[in-house]
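**Q** One structure follows; several queries about it will come next.
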Amino acid sequence: MRFEEIKDMKVAIYLRKSQHDIDREKRNAIFATVEDTLHKHRRELLDFAREHRLQFTEDDIYSEVVSAEYILSRPQARKLIEAVRDEKYQGVVIIAPDRLTRGGKADQGLIEDAFKESGTLIITPSQVYDLDNEEDQFQLGFKNYISHLELNSITKRLQMGRVRSTREGKDVSSKPPYGYQKNSYMKLIPNPDEAQIVQEIFNRFVKGETMTEIANDLTRRGIPTPSDAEEWHLPSLRRILRREKYKGIQVFGERQTTRKSETGKYALRKRINQNRFIKVQDTHEPLITAEDWSKAQILLDIAAKTYNRKRLSNPFKDVLICSKCGKPISVSRKKGQSAKYYCRTKNCPTSQIVEDRLIEHMINYVTIYIEEKRRRKEIGMDVGESIEIGEKVIKSLKSEDSYQDKNDLIKTLVTEIKYTKDPLWRRDYVELLPSYRF
C-alpha cells in the first residue's frame, strides 16, 4: 500500500523504549548529550503523522518504557491490541515493526491475528503493512525473524561477556554483595564497616544464635541493612548466610531464570545451563572460612525443615483430592471457626466439608480397614505392618499431634493401601485414601 492511500485515516501511535535503548543512551552520554529515545521517536512519528494528515488525539498515543519480550508484561501494548480488535483504528503508527511485534511466537501470532482480522494497517515511516496482503505478511514475518535473531545474538554476547569476566575474577553483579566494594578492576575488596557485620553474623549463627535473635540485635544497635533500611529481617540474613562469595569464590549463573510463555513472568530454572554457570576459586579476599560457611548451610537447612513442619496447616496435604477435577483440596482456618476443606478450582461444583466431619469419615474407614486386616491375619495371611499403621493414624487423628505428624502417618497408610489395592476399599478410595472424595 502506498503512503498516499493512508491520508485522513484514524490511527493510534505506539511508542516503546527498551532496556537496550536505555543502555545505549548511558553509553553515548559519556561522549555527548543524547536525546531520549522515547522523545526522539515521538517527535519523528508525530511529524510523520501530521505530514500524512493522519487523524489522532493525545488519547490515541500509547507509550511505555519496558524491556519485555512478552506482551503480558506490556500493559500499553495489551490495551492497544484490544482497541485494534474492537476496530477502533484504521492503522497503528510505529517506528519499526519490532517495537510492537517483538516477543514469543504465540505473542506474534496473537498480534498479527488482531491486525489481520480487524483489517488494521501497521504503518512505519518506511512502509505500510497490510496483513491481508500476502507479500506484506511475508515481509513483516521476515523482519520479525531477523529482529529475533539480532536480539538473541545481543543476549548471547552479553552472557558470554559476563562469563568471561567472571572467569577473570571480576564481579559482574550490578551491586557488590553486602560486605564488599569493587575496585577499578571490578574485583571485590572488603568494605571495612560492612565486612565486620558479615563476619559477626556468621560467627553468631554457627555458635547457635537464631536468625531472629541476630536480626533483632542488629536492628536495636541501629546498623543499616544491605538496602539501607533500619530494620533487619530474616530474608536479608538468609541471603547473606547463603552467599558463597564470602568464601572468596566468584560465582555466576547459580540462579538462572526463564520466562513462562503463559504468564510472561520469570521463574527459576529447574535445570541449570552449565554453559552459563561459572564458579572460580580464590578471586578475592574471603570474609569467612569455608568451614564456617559449610556449618551455616547445615544449620540453615535444619531451620528450613523445622519451619516447614511448623507451617503446615493441612494434615491431608498431597493426599486429599477433588472428586470432580482431581486437583488438591485446600484448607481454610479462621480464628473462632471450624476448619473447612474446599476445592480452589474456579467454578468446580465440589462442596466444602468441615474438618471434624472429614476426620470422622477417615477414622471410620481406617477402622473398617483394620478389622479386615485382622480377619486376614487370623487365617494366616501376611498383612505386614498395616494394622499397626492404621492404629497409629486413628490415634494421631484424635490427638493434638502437629499437622505435619498427622500428614506423615496418613501418607504411610496411603502407601500401604495404594500398593496392596485392598478390595475392601472402593476403587476411587483405593487410588489414594488420599483420593478421599466428598
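**Q** Counting other Cβ atoms within 10 Å of each Cβ, which GluC sites (Glu not before Pro) in the range 106-204 have at most 15 and sit in a DSSP loop?
**A** Of the GluC sites (Glu not before Pro), the ones in loops of the range 106-204 whose Cβ has at most 15 other Cβ atoms within 10 Å are Glu168.
**Q** What residues have an amide H closer than 5 Å to that of Leu121, excluding those fewer than 5 places away on the same chain, when H is modeled at 1.01 Å from N in the peptide plane?
**A** Excluding prolines and chain starts, which carry no amide H, the hits are Gly91, Val92.
**Q** Let me ask something else about it. Between Asn152 and Arg242, what's the calculated FRET efficiency when r is the beta-carbon distance and R0 is 41 Å? Round to 0.05.
**A** 0.80
**Q** Is there a pair in Lys116/Lys143; Lys346/Lys398; Lys245/Lys295; Lys88/Lys143 whose C-alpha atoms are over 24 Å apart, and which pairs would that be?
**A** Correct reply: Lys346/Lys398; Lys88/Lys143.
**Q** Can you give me the distance in nm between label points at Glu200 and Glu400, each placed 7 Å from the Cα along the Cα-to-Cβ direction?
**A** 4.0 nm
**Q** Here's another thing I want to ask about it. Asn183 to Arg78: FRET efficiency via 1/(1 + (r/R0)^6), r the Cβ-Cβ distance, R0 35 Å, to the nearest 0.05?
**A** 0.20
**Q** Using alpha carbon centroids, what distance separates the range 346-397 and the range 138-176, in Å?
**A** Centre-to-centre distance over Cα atoms comes out at 58 Å.
**Q** Expressed in nm to one decimal, what extension gain is obtained for the pair Glu87 and Ser174 from 0.36 nm per residue of sequence separation less their Cα-Cα distance?
**A** 26.9 nm
**Q** A further question follows. Under 11 Å from the Cβ of Val206, count the other residues' Cβ atoms, weight Lys and Arg +1, Asp and Glu -1, and hand me the total.
**A** Once positives and negatives cancel, what remains is 0.
**Q** Tell me, in nm to one decimal, what length is gained between Asn216 and Ser338 on full extension, where the rule is 0.36 nm per residue of separation less the Cα-Cα distance?
**A** 40.4 nm
**Q** Another question, if that's okay. Straight-line reach only, C-alpha to C-alpha below 17 angstrom: list the aspartates and glutamates that Lys170 could link to, leaving out same-chain residues fewer than 8 apart.
**A** Glu244, Glu254, Asp282, Glu285
Computed from the coordinates by the stated procedures, all read-outs in this text should not be read as laboratory data. From a predicted model like this one, the values you see are computed outputs, not experimental measurements. Counting neighbours? That spans all protein chains shown, and the Cβs are built from the backbone with ideal geometry, glycine included.
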